[in-house]
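The values are calculated or read from the model by the stated rules, or taken from the named source; none is laboratory data. Keep in mind the model is a prediction, meaning the values are calculated, not measured. Neighbour counts are summed over all protein chains in view; Cβ atoms, including those assigned to glycine, are modelled from backbone coordinates with ideal geometry. The area values use the complete protein model at the heavy-atom level, side chains included, leaving out ligands, DNA and RNA. Shrake-Rupley method; radii C 1.70, N 1.55, O 1.52, S 1.80 Å.
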Amino acid sequence: EVQLVESGGGLVHPGGSLRLSCAASGFTFSGSTLHWVRQASGKGLEWIGRIRPKTNNYATAYGASVKGRFTISRDDSKDTTYLQMNSLKSEDTALYYCSRHEAVGPTWPLDSWGQGTLVTVSS
Amino acid sequence: QTVVTQEPSMTVSPGGTVTLTCASSTGAVTSGDYPNWFQQKPGQAPRSLIYSTSNKHSWTPARFSGSLLGGKAALTLSGVQPEDEADYYCLLYDGGARVFGGGTKLTVL
């Protein structure tokens, strides 16, 4: 059974940093592309970014609102992906999900999702 | 960045048919935008329903179908069930990145 479990959320002050983790199991992690998506309370989904497998040089891409502030990485030895969030703003307050798809490219569906971890940015 | 637009809300009667659409600010949505559709119910994570315009998962009910319609991506529900009441999001491929639409709240009434 595919499982994605996010952790690391919490309360952080504006301008601060936080690192989220997403631990995976039940599939070949090293060959998968991992995505991060967030959702503010009562709002829609927002794509944050993705990281491709080693075979694609761990290539990353980011959404406009987080580019330059957020960094996605992965540790294939731990079947875990990370979202490093810096210079946090109140508008970054949201539930953060990780998701995955097989291999590389847009033909593959985001077929598995975690339950999310909540990040609150407030003074 | 591309803006993806969906109907904010739609209402359908049980047993009826409804089509949700997904438009791109860059022009007509094509198969090269690899439209995906997700369903999200309150308190739950999103669930993939349709990928690459019209492909279904093993868990996707037969009453859901995806297509391209009039320059937009479309999700059609035929024979709507009460349990289909949910938020629906489209996701488009945007040159290496992805962009979600704002979502459609579907009410079954």
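Descriptive notes on the structure:
- Here is the figure for region B:81-93: residues that are under 16 Å from A:W36 (Cα atoms) and out of contact with any Gly (no Cβ under 6 Å at 6 or more places or on another chain) total 3.
- For region A:54-66, a residue qualifies if it is under 29 Å from A:G15 (Cβ atoms), touching a residue at least 12 places away in the same chain (Cβ under 8 Å) and either open to solvent by 80 Å² or more (accessible area, probe 1.4 Å) or among the small types (G, A, S) (or both), and the qualifying residues are A:Y58, A:A61, A:G63, A:S65.
- Listed by position, the strands (runs of 3 or more DSSP E) enclosed by region A:9-117 that each have at least 3 residues that are within 14 Å of another protein chain (Cβ to nearest Cβ) and at negative phi are A:32-39, A:45-51, A:60-62, A:94-102.
- Condition met for A:T81 (in contact with a Lys or Arg (Cβ under 7 Å, 6 or more places away or on another chain) and either within 16 Å of A:G105 (Cα to Cα) or crowded, with 19+ Cβ neighbours inside 10 Å (or both)): yes
- When the residues of region B:14-25 are filtered to those that are small (G, A, S) and assigned to a loop (DSSP other than H, G, I, E, B), the one that is least open to solvent (accessible area, probe 1.4 Å) is B:G16.
- Among the residues of region B:55-87, those that are of a type in the set (D, E, K, R) and open to solvent by less than 50 Å² (accessible area, probe 1.4 Å) comprise B:D84, B:D87.
- Residue list for region B:6-25, restricted to those being more than 11 Å from the chain's Cα centre (by Cα) and hydroxyl-bearing (S, T, Y): B:S9, B:T11, B:S13, B:T17, B:S24, B:S25
- B:G32 being more than 10 Å from chain A (Cβ to nearest Cβ), more than 23 Å from A:W36 (Cβ to Cβ) and among the small types (G, A, S): no
- Residue among B:T2, B:T11 that is assigned to a strand (DSSP E or B) and either in contact (Cβ under 8 Å) with a residue 24 or more places away in the chain or open to solvent by 70 Å² or more (accessible area, probe 1.4 Å) (or both): B:T11
- Any hit, region A:84-107, residues being crowded, with 22+ Cβ neighbours inside 10 Å and of a type in the set (K, R): yes
- Condition check for A:E1: of a type outside the set (F, W, Y) and either closer than 15 Å to A:E91 by Cα or assigned to a strand (DSSP E or B) (or both): no
- Region B:88-105: number of residues that are open to solvent by less than 10 Å² (accessible area, probe 1.4 Å) and touching a Cys at 6+ places or on another chain (Cβ under 8 Å): 3
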